[in-house]
Amino acid sequence: MSLAFDEYGRPFIIIREQEKKSRVKGIEAVKSNIQAAKAVSRVLRTSLGPKGMDKMLQGPDGDIVITNDGATILEQMEVENQIGKLLVELSKSQDHEIGDGTTGVTVMAGALLEQAETLLDRGIHPLRIAEGYEMACKVALKRLDEIAATFEHDADNNEELVKTCMTTLSSKIVGRHKRELAEMCVKAVLAVADLERKDVNLDLIKLDGKVGGRLEDTALVNGIVLDKDMSHPQAGVELTSHMHITAKEESAATGAGMPKHLQDVKMAILTCPFEPPKPKTKHKASRGWGVDISSVEQFESLRKQEQEYFRNMVQLCKDSGATLVVCQWGFDDEANHLLMHNDLPAVRWVGGVELELLALATGARIVPRFQELNSAKLGYAKSVKEISFGTTRDRMLLIEGMPNSRAVTIFVRGGNKMMIDETKRSLHDALCVARNLVRDNRIVYGGGAAEMSCSLAVEAAADQVPGVEQYAMRAFADALDIIPLSLAENSGLPPIESLTEVKTRQMREGNPYLGIDCNDAGTNDMRQQNVFETLMGKKQQLMLATQVCKMILKVTHFGWIDDVIKPSEYE
Ligand code: ADP
């Protein structure tokens with residue numbers, strides 16, 4: 001880059017053409033891609049496991065996120081490099097499919113690439129490495145099936161489910177309360193699960209949170225909680241015709257307004273604004289079809305029109321038989337007043353996700369135009385009431401008794417937004433784990449036990465392979481060690497010593513459940529420590545990591561990204 005001046009003395013900057021930079025090709029290109037991927041995965045290594053470090057990240061607008069969740073860290077990191085982005089995608093896929101194990105999968109991919117680099121240095125062709133990795137992955141998956149344990153669970157006996165969720169939560173900021181939270185997650189999942197079909201619709205579990213209170217105040221609610229209140233607080237006084245108002249419960253806590261409790265609610269869910277169409281002033285001058293008001297009469301007539309419009313809307317709602325209107329948009333005082341006069345309580349500014357959840361649970365159809373509203377499109381809830389949580393004065397709506405009402409809400413409390421967000425992310429992971437277990441109740445043991453066992457199996461299988469692929473298979477076996485190594489390192493244990501000791505014991509004692517004793521519990525047997533992970537999740541980790549690695553090795557070879565500008569020369 002250099003500074004120059006034009007004929008008038010104005011400065012301008014000349015940027016050297018990217019074309020003139022040196023480019024790397026072939027194996028060099030593969031290697032430089034690997035470097036980029038390694039850098040990304042190294043960031044996550046220190047976050048792995050129960051003693052992993054949380055990361056504090058600052059977003060572009062200055063807000064801060066503290067997290068231990070691999071997918072979230074990568075998402076916030078704004079990785080620019082194309083290959084680095086592949087790893088970000090990798091953790092996203094794991095998150096999407098399984099919901100947990102996002103750190104592990106990225107660390108594993110990084111290790112596989114690091115090993116591949118050594119093999120490339122030794123002159124082994126990228127395609128042969130990819131081939132060897134594929135073979136090794138198959139062996140590892142088979143081994144996972146062999147060492148997997150199964151357990152039975154039902155609504156009364158869900159201890160194993162709880163324990164597996166606890167393993168997930170133990171590495172998170174909420175680890176202190178893992179038992180209570182794990183129980184909550186399992187209850188929530190079982191509440192919405194179809195145990196016969198082994199299916200869980202996680203959309204029915206809503207994770208909600210509000211700043212205030214303590215983590216211990218986090219509660220599971222059998223229904224939907226909306227962080228909204230009814231638009232007119234005095235409505236309760238007037239609404240007597242078709243709603244029963246009970247003035248009990250929470251008035252003491254809030255002290256203000258009339259508590260509201262609507263029963264047998266017929267709910268209209270609207271995505272159309274409760275507003276008369278407003279003349280758009282910015283079009284007025286240029287297009288000539290705006291509204292020009294030059295006299296009081298004109299103003300009055302416009303006002304009348306507006307009111308008429310409104311009355312019509314409210315009437316359409318009433319005609320349909322709705323006793324509560326839930327709106328995606330806001331409405332002004334005028335509308336509020338009219339609604340109140342018509343005994344029609346309403347909730348405004350309800351987000352899209354909540355609307356869908358409400359529609360699903362109450363059986364309502366989301367209505368985009370007032371004209372389309374009719375009784376068939378209304379949803380039903382046995383009760384809608386305003387409640388307040390803990391000591392705060394904010395009020396929320398609790399909606400219960402819906403026909404498809406298996407919907408539940410976990411309502412998270414905490415001292416600040418960062419804490420609540422991270423708790424939500426952690427609970428999401430635990431919910432996914434419980435869901436995965438309902439779908440498939442096989443587990444493998446954690447603390448690196450499963451990885452070490454796979455590593456031994458792959459190593460043994462490599463000896464049977466005559467070709468060059470055997471080197472790649474051994475490299476794969478070594479890469480698997482990254483998980484126990486990182487777990488040990490993050491717990492302050494000597495990594496190599498711990499790994500060798502446990503691996504030797506696994507071999508000698510034939511016990512695939514031995515892992516790294518991160519919490520100094522006094523035993524390496526993960527069965528005794530109750531450290532499990534789902535078989536599905538572990539398999540997915542290995543498959544995805546292998547896949548992305550193969551992709552980086554192959555794509556580069558075929559020349560799609562075979563040509564990279566050297567990283568040090570980016571401008
Ligand atoms: P991920 O995002 O991949 O789930 P985590 O930070 O949650 O990453 O770490 C998960 C790893 O930590 C797994 O390998 C799991 O077996 C291990 N782990 C969790 N709890 C323990 C524990 N108490 N002792 C040993 N290892 C544990």
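The values are calculated or read from the model by the stated rules, or taken from the named source; none is laboratory data. Here the structure is a predicted model, which means the values were calculated and not measured. A quick note on method: Cβ atoms are made from the backbone with ideal geometry, for glycine too, and the neighbour counts reach across all protein chains shown. What goes into the accessible areas is simple: the full protein's heavy atoms, side chains included, and nothing from ligands, DNA or RNA. Shrake-Rupley method; radii C 1.70, N 1.55, O 1.52, S 1.80 Å.
One quarter of the convex hull surface, Cα atoms only: what value does that give for the range 331-382 in nm²?
4.3 nm²
What does the charge count near residue 321 come to, summing +1 for each Lys or Arg and -1 for each Asp or Glu among other residues with Cβ under 13 Å from its Cβ?
Numbers: positive: 266, 318, 377; negative: 264, 319, 343.
Net charge in that neighbourhood comes out at 0.
Within the range 487-560, which chymotrypsin sites (Phe, Trp or Tyr not before Pro) sit in a loop by DSSP and count at most 14 neighbouring Cβ atoms inside 10 Å? Walk me through the numbers on the way to the answer.
Details: sites: 513, 532, 558, 560; in loops: 513, 560.
Passing both the DSSP loop test and the Cβ count: 560.
Amide H of residue 402: which non-local residues (sequence gap of 5 or more, or other chain) have their own amide H closer than 5 Å, using H built in the peptide plane?
382
With a 1.4 Å probe and all protein chains left in place, how much accessible area per residue does the range 43-195 have, in Å²? Intermediate values should be presented prior to the final figure.
Numbers: 6560 Å² over 153 residues.
For the range 43-195, the per-residue accessible area is 43 Å².
Given a 1.4 Å probe and every protein chain left where it sits, what share in percent of the accessible area of the chain is carbon and sulfur? Don't jump to the answer; show the numbers that get you there.
Details: 13740 of 27120 Å².
Solvent-exposed carbon and sulfur of the chain make up 51 percent of the total.
How compact and how long is the chain, expressed as Rg and Dmax of its alpha-carbon atoms in Å?
30.0, 97
Report the relative contact order of the chain, percent, no decimals, based on alpha-carbon pairs under 8 angstrom and at least 6 residues apart.
Values: 1050 pairs, mean separation 150.1, N = 571.
Worked out over the chain, it gives 26 percent.
How would you rank 153-166, 298-311, 105-118, highest first, on the average number of other Cβ atoms within 10 Å across their residues? Provide the component values of the computation, followed by the final result.
Details: 153-166: 18.1, 298-311: 12.9, 105-118: 25.3.
Top of the packing list down: 105-118, 153-166, 298-311.
Checking the table 31/172; 228/424; 138/424 against a 29 Å threshold on Cα-Cα, which pairs fail?
Working: 31/172 34 Å; 228/424 19 Å; 138/424 35 Å.
31/172; 138/424, as the Cα separations exceed 29 Å there.
To the nearest 20 debye, what is the magnitude of the charge dipole of the chain about its Cα centre, counting +1 on the Cβ of each Lys and Arg and -1 on the Cβ of each Asp and Glu?
Details: 69 positive and 82 negative charges, 107 e Å.
It works out to roughly 520 debye.
Which trypsin sites (Lys or Arg not before Pro) from the range 315-374 combine a DSSP loop assignment with at most 14 other Cβ atoms within 10 Å? Please report the intermediate quantities before stating the final value.
Details: sites: 318, 348, 365, 369; in loops: 348, 365, 369.
When the trypsin sites (Lys or Arg not before Pro) of the range 315-374 are filtered for loop state and at most 14 Cβ neighbours within 10 Å, 369 remain.
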